[in-house]
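Quick notes on the structure that follows.
The values are calculated or read from the model by the stated rules, or taken from the named source; none is laboratory data. Only a predicted model underlies this, so the values are computations on that prediction, with no experimental measurement involved. So basically every Cβ, Gly included, is an ideal-geometry build from the backbone, and we count neighbours across all protein chains shown. When the accessible area is computed, the model is the full protein with side chains, heavy atoms only, and any ligands, DNA or RNA have been set aside. Shrake-Rupley method; radii C 1.70, N 1.55, O 1.52, S 1.80 Å.
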Amino acid sequence: MTALPPGPSEPPLLQTLRWLLRPISFLESCRRRFGDAFSITFLGFQSPMVMLSDPEAIRALYTVPGHTLPPGRTLALQPIMGSRSLLLLEGREHLARRKLMLPPFHGARMRAYEATVREVVAREVSTWPSDEPFALHPRMQAITLEVILQAVFGVTDSADRARLAERLGQLLAQTSSAGLQFGVLLSRRLGGPDPLARLQALRQEIDALLAAEIAARRAEPGEDILSLLIAARFEDGEPMDDAEIRDQLMTLLLAGHETTATGLAWTFDLLLRHPHVLQKLTEGDEGYLRAVVAESLRLRPVVPLAGRRLSEELRLNGHVLPPGTDVTPAIWLAHTRPDRYPEPYAFRPERFLADAPATYAWIPFGGGVRRCIGAAFAEMEMRVALDEIVRRRALRPASSTAEKVARRNVTFSPARGTMVIA
């Protein structure tokens, strides 16, 4: 039994650049050379990160609730999301907030927001140009931001929504580049100015706008998720204070805006390369719509990693990983295993018609106690948006070649933004 699996011998700088610039080819190369588990050394990290793709190994990782977060997440996200963010808390604090925040994202409460999504999509689609190319990804970002402002933040005044949308759009754009990630890693390794510091003035403007919305909802609650968070109580009867509610709002924005928009952009890129699937989707079969979303998230996972720092040793494939090791599923590799998905690179929604995705072989939302609390909401939003768009507009690709993967913050996005003609 050995400690860490083997991995590339290139210097950390080169491994980091390969990961940031050509992540899929880097992952595929590592799988070919090293198999289901391998170790990557990133710039600025003291020890290697182990990547997994075997569902049983992923199950072993995700079913131990005591594993903690890798430190890189806090480093990159805390300046924007805040120290009380659900994504950054550990242990009992995390579980208490997860329990508090989960109800609005499931069941009847979640379905009540479908009408809001339909209205937002219909309004956005009515502004699209006809018979000329445009990028779909920014349009999907506009939809998901507006859904968050209405369904989550509950901003009813159109002028207030426009102000918040402008500031939040700036923040999202400035935090999305691979260059920013590289700068954060470099400053961590070599010292020097923090690339995130320049965002503080913008964050303060946003904080002031959010404080006004929180105060308004305390005075007059609505049906939005912000109102539900204000009314919610921990097991000891205490509420969340305004500063924490702000952190959770920013978390829901940053975790739910770019990811869902990117998932939709990838889904349309796949549909436009497979016109028979697009045609079948227009027939309005709810089961097929669900299968299209599941297959798109399998073949184009938006978030590539969802790791843990081990709190106890993990045994896998002849290796014993000691406590303190950073371990993550490589989600793309887990989703393209021929033993779980015959013809793994083919876009075939039919594979999910008979069976729901297997828990640890399909992990676009992570897993275990840290699985994305907005997963069901995101899938609902994708289904409603897809249905509304294909009923209202006939789309065709503006380019003969499929989209390549580009990095946007922690996501894998379509490099050209999914160019279409409607």
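Considering only the range 372-383, I want to know if a residue exists there that is within 13 Å of the chain's Cα centre (by Cα), on the phi > 0 side of the Ramachandran plot and open to solvent by less than 30 Å² (accessible area, probe 1.4 Å).
No: the range 372-383 contains no residue that is within 13 Å of the chain's Cα centre (by Cα), on the phi > 0 side of the Ramachandran plot and open to solvent by less than 30 Å² (accessible area, probe 1.4 Å).
Can you tell me which residue within the range 366-390, out of those that are part of a helix (DSSP H, G or I) and small (Gly, Ala, Ser), is nearest to Ile148 (Cα to Cα)?
Ala378
Checking the condition of a type in the set (S, T, N, Q), more than 18 Å from the chain's Cα centre (by Cα) and within 28 Å of Thr267 (Cβ to Cβ), which residue from Ser83, Ser130 passes?
None of the others qualify; the one that does is Ser130.
Could you check, for the range 72-87, whether at least one of its residues is surrounded by fewer than 21 Cβ atoms within 10 Å (Cβ to Cβ), among the polar types (S, T, N, Q) and in a helix (DSSP H, G or I)?
yes
If you go through the range 216-245 one residue at a time, how many are assigned to a helix (DSSP H, G or I), surrounded by fewer than 16 Cβ atoms within 10 Å (Cβ to Cβ) and without any contact (Cβ under 8 Å) to a residue 12 or more places away in the chain?
Going through the range 216-245 one residue at a time, the tally reaches 2.
If you check Ser126, Ser47, which single one turns out to be closer than 28 Å to Leu172 by Cα, open to solvent by 40 Å² or more (accessible area, probe 1.4 Å) and of a type in the set (Ser, Thr, Tyr)?
It is Ser126.
Does Ala334 qualify as being in contact with a strand residue (DSSP E or B) (Cβ under 7 Å, 6 or more places away or on another chain) and buried (at least 22 other Cβ atoms within 10 Å of the Cβ)?
In short, no.
Checking the condition part of a loop (DSSP other than H, G, I, E, B) and either at pLDDT 95 or above or of a type outside the set (A, V, I, L, M) (or both), which residue from Ala394, Ala402 passes?
Result of the check over Ala394, Ala402: Ala394.
Within the set of pairs 6+ apart or on separate chains, which have a first residue in the range 382-404 that is over 15 Å from Met419 (Cα atoms), a second that is open to solvent by 50 Å² or more (accessible area, probe 1.4 Å) and basic (Lys, Arg), and C-beta atoms under 7 Å apart?
Arg383/Arg290; Val384/Arg118; Glu388/Arg118
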